[in-house]
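Read the structure below first, then the notes.
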Amino acid sequence: MKISPGTPAVGLHLAAMTDNYLRLVSQPGVGGLNVRHCWSAPVARQALDEAVSSWTRPRALTHAAAPADLNLLAHALVTAERPDEAATVFQALGAVVTSWPWGVGAAAVQRFARWQERLLP
């Protein structure tokens with residue numbers, strides 16, 4: 001089932017994959033080994049491709065959680081090593097940062113800003 005980009009549920013699939021990625025990153029040993037393949041699985045690549053092609057269009061996301069969804073997409077693209085697409089999302093976000101999935105408190109803002117500065121000219 002495909003969810004329309006304008007609806008609040010649009011980020012659920014990507015949120016679940018990001019939650020899985022963050023869980024794997026936090027596990028020592030085996031979790032760390034599996035994290036490399038988290039974003040390379042066909043279902044993950046397809047989800048990222050669809051999100052990039054539909055969410056980054058002007059006025060594509062109009063629901064209240066749109067900034068959170070774009071932060072989610074930027075984080076996923078950074079961790080999937082897709083910097084050019086992540087830069088497009090960072091450009092759209094400007095200075096709007098959400099704590100999840102970047103981290104907690106000031107660390108989230110710093111992590112977001114570090115990636116944004118790295119990817120934007």
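The values are calculated or read from the model by the stated rules, or taken from the named source; none is laboratory data. Not measured: the values here are computed from a predicted model. Here the Cβ is made from the backbone with ideal geometry for all residues, glycine too, and neighbour counts use every protein chain on show. Accessible surface areas use protein heavy atoms only, side chains included; no ligands, DNA or RNA. Shrake-Rupley method; radii C 1.70, N 1.55, O 1.52, S 1.80 Å.
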Going by Cα centres, the range 70-121 and the range 11-60 are how many Å apart?
14 Å
Calculated P(r) of the chain - Cα pairs past 24 Å, %:
22 percent
What is the dipole size for the chain, taken about its Cα centre, with +1 at each Lys and Arg Cβ and -1 at each Asp and Glu Cβ, in debye to the nearest 20?
60 debye
For the range 38-115, what is the accessible area per residue in Å², given a 1.4 Å probe and the full set of protein chains?
50 Å²
Short version: ³J(HN,Hα) in whole Hz for each residue of the range 11-16, in order, from phi by Karplus 6.51 cos²θ - 1.76 cosθ + 1.60 (θ = phi - 60°), x for Gly and Pro, what are they?
x, 4, 5, 5, 5, 5
Sites ASP49 and ARG118, calculated FRET efficiency, Cβ-Cβ separation with R0 25 Å, nearest 0.05:
0.65
For the chain, what does -39500 (n - 2.57) per DSSP helix run (n ≥ 4), summed and divided by total residues, give at 222 nm, in deg cm²/dmol to the nearest 500?
-19500 deg cm²/dmol
